[in-house]
Amino acid sequence: MSTSMNMGRIVFYEDRNFQGRSYECSSDCADMSSYLSRCHSCRVQSGCFMVYDRNNYMGNQYFMRRGEYSDFQSMMGMTDIRSCRTIPMHRGSYRMRIYERDNFGGQMHEMMDDCDSIMDHYRMSDCQSCNVMDGHWLMYEQPHFRGRMTYMRPGEYRNFRDMGMSGMRFMSMRRITDMC
């Protein structure tokens, strides 16, 4: 049986080192500009979040778990945070099908665990679509969970280019477990 619960709290600050105006958030926020003129640090008090450097969950993204992030620029290379998405805690199985081509074409493999290299494990040189059946996942552009990442929640993803990820290749995948 699979269950998801939304629980989490994050506090964003305009300046580095938790200075300036702050905004507390416990749900998705597509545009933080009405709360803060900029965002350069945060504290994740509970839960897990994805933060984005553009509005509407676009642009570069970074996974954040409980802890303090005093300077986004030096820690992540991000100059500002413009939107955030809460990641529900998930208990139960994890299942995702990855496909070599868009629209679920080409080679297909079903995963229930982390994969540090689709080339080494499945002899796939590319992943262009996926179907997340259970759980929440992070997909990375390089093997061994390195490089830019993308958050995938349950759903069908027919074409990564249509999602604004053109030129990005996914080479490793990791489950977001209850460690948040």
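Some points to look at:
- Cα lying deepest toward the dipole's positive end in the chain, options H109, Y35, T86, charges on Cβ: Y35
- Rounded to the nearest angstrom and listed largest first, the equivalent-ellipsoid semi-axes of the chain from its Cα gyration tensor are 30, 17, 14.
- Radius 15 Å from Cβ of Y35, net charge of other residues (Lys, Arg +1; Asp, Glu -1): -2
- Within-14-Å neighbourhood charge of L138 [Cβ basis; K, R +1; D, E -1]: +3
- Couplings 3J(HN,Hα) for segment 122-135, derived from phi with the Karplus relation 6.51 cos²θ - 1.76 cosθ + 1.60 (θ = phi - 60°), are 10, 6, 9, 8, 7, 10, 10, 7, 7, 10, 8, 8, 9, x Hz, where x marks Gly and Pro.
- Probe 1.4 Å, protein heavy atoms only - accessible area per residue of segment 59-180 in square angstrom: 48 Å²
- Surface composition of the chain: carbon plus sulfur atoms contribute 41% of the solvent-accessible area (1.4 Å probe, protein chains only, all chains present).
- Gain in span if fully extended, S27 to M58, counting 0.36 nm per residue against the direct Cα distance: 9.5 nm
- Note on segment 1-75: percent of Cα-Cα distances in each 5 Å bin, starting at 0 and stopping at the bin with the largest distance, equals 3, 16, 27, 29, 17, 4, 3, 2, 0.
- Distances between every pair of Cα atoms in segment 80-180, grouped in 5 Å steps from 0 to the bin holding the largest one, split as 3, 13, 24, 27, 20, 9, 3, 0 percent.
- All-pairs alpha carbon distance profile, segment 49-118, 10 Å steps from 0, percent: 16, 31, 35, 18, 1
The values are calculated or read from the model by the stated rules, or taken from the named source; none is laboratory data. Everything numeric here is computed off the predicted structure, so don't read it as measured data. Positions of Cβ are generated from backbone atoms using ideal geometry, with glycine treated the same way; all protein chains shown enter the neighbour counts. Keep in mind that these areas ignore ligands, DNA and RNA; they rest on the heavy atoms of the full protein, side chains included. Shrake-Rupley method; radii C 1.70, N 1.55, O 1.52, S 1.80 Å.
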